[in-house]
1. Does ILE24 count as modelled with pLDDT under 95 and buried (at least 17 other Cβ atoms within 10 Å of the Cβ)?
2. Taking only segment 123-146 into account, find how many residues are of a type in the set (Val, Ile, Thr) and within 13 Å of the ligand (Cβ to nearest atom).
3. So which of GLY14, GLY10 ends up being within 16 Å of the ligand (Cβ to nearest atom), closer than 21 Å to LEU97 by Cα and out of contact with any Cys (no Cβ under 7 Å at 6 or more places or on another chain)?
4. Which residues, taken from segment 5-27, are free of Cβ contacts under 8 Å to residues at least 12 places away in the same chain and aliphatic (A, V, I, L, M)?
5. Just checking, which of ALA37, ALA72 is within 15 Å of GLY2 (Cβ to Cβ) and free of Cβ contacts under 8 Å to residues at least 12 places away in the same chain?
6. Scan segment 189-217 residue by residue and report those that are touching a Pro at 6+ places or on another chain (Cβ under 9 Å), within 20 Å of PHE146 (Cβ to Cβ) and assigned to a strand (DSSP E or B).
7. If you take the residues of segment 154-173 that are modelled with pLDDT under 95 and within 13 Å of the ligand (Cβ to nearest atom), which of them is farthest from THR190 (Cα to Cα)?
8. On the basis of being within 16 Å of the ligand (Cβ to nearest atom) and under 21 Å from the mean Cα position of the chain (by Cα), does THR149 make the cut?
Amino acid sequence: KGALTIVGCGLHPGQMTLETQSIIENSQKVLVVAPNALSIHHIQQLNKNVENLGRFYEGDVTRLETYRLMTARMVELVKQGYSICTVFYGHPGIFVLSTHQAFEILRNQGYEVKMLPGISADACLFSDLNIDPSTTGCQSYEATQFLLTQRSFDTSAALILWQIGLVGEHTLKVQSPGEYGLSAMTKLLTKHYPANHQVCLYEAPTLPGFAPRMDWLELTQLPQAEVKSISTLFIPACTDLIFAIERLTWLNLAEEDLS
Ligand code: SAM
């Protein structure tokens, strides 16, 4: 009976875990969406039966259609009886629609499905920017969803905006921001953060040994900044943590007990 294991290869070949490597080596077929040719080459060295799902991005298709085709291919092979693994870059369950869809469809039909963690973009960001998300707390949103939906977010916690390089791109066909995306995002953020608040455009290296992009800029410079499909925006907290005094009393504590 077919089975699916969903794994992540990190953002470059050095970030693949030993467990993931072993799954790739022992699968009958390996489906891949990797960030660069070197990662694909690395995976091909582990298993000769590699199929590149990146082909579904080609042509005049929306990203949703691409994800639908990827899901369909995973489901098709498992139903044919293959024990396959699908390798996505980073963590295969973070901002990846098709893996979650295939997981649910196949699990509901009684197939064995498993997802392993991988090293994600935010994991790299925490290392390169020397940020511990526990210090202030950390919120994480998809940029366009954050822009276009009602949110009560917290300026005393850090904020990570994924897919800032696609913000406001509503056709889902282009790998760049919508015409007004970055200025609209700046307009929203400056309602909550000082105009000169320092934010970071972050890009982890996709090849080992290369330096990350860590461009700190004032919020108001964001509309002119160069963003790519792999850019992530990091916004540090701009306000202090304030104790919820009433809840301290629930524990019979005062502020002095915690400082
Ligand atoms: N599964 C991936 C992961 O675990 O990191 C995320 C895939 S999501 C479709 C693409 C978004 O992830 C980008 O728009 C960006 O926000 C972030 N991302 C991907 N590669 C990145 C990189 N090299 N550096 C920083 N962020 C990256």
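1. Judged against the criteria, ILE24 is not a match.
2. Our first condition is that a residue be of a type in the set (Val, Ile, Thr); within segment 123-146, this holds for 131, 135-136, 144.
Still in the running and within 13 Å of the ligand (Cβ to nearest atom): 144.
Summing the residues that are of a type in the set (Val, Ile, Thr) and within 13 Å of the ligand (Cβ to nearest atom) in segment 123-146 gives 1.
3. Numbers: GLY14 fails: closer than 21 Å to LEU97 by Cα.
Answer to the selection: GLY10.
4. Within segment 5-27, LEU18 is the sole residue that qualifies.
5. Matching residue, one of ALA37, ALA72: ALA72.
6. Looking only at segment 189-217, we keep the residues that are touching a Pro at 6+ places or on another chain (Cβ under 9 Å), and these are 197-200, 202-208, 211-213.
Narrowing further to those that are within 20 Å of PHE146 (Cβ to Cβ): 197-200, 202-203.
Listed by number, the residues that qualify are GLN198, VAL199, CYS200, TYR202, GLU203.
7. This residue is LEU172.
8. No; evaluated as a whole, the condition is false for this residue.
The values are calculated or read from the model by the stated rules, or taken from the named source; none is laboratory data. Remember, predicted model here, so these are calculated numbers, not experimental data. Heads up, the Cβs are rebuilt from the backbone with ideal geometry, glycines too, and the neighbour counts pull from every protein chain shown.
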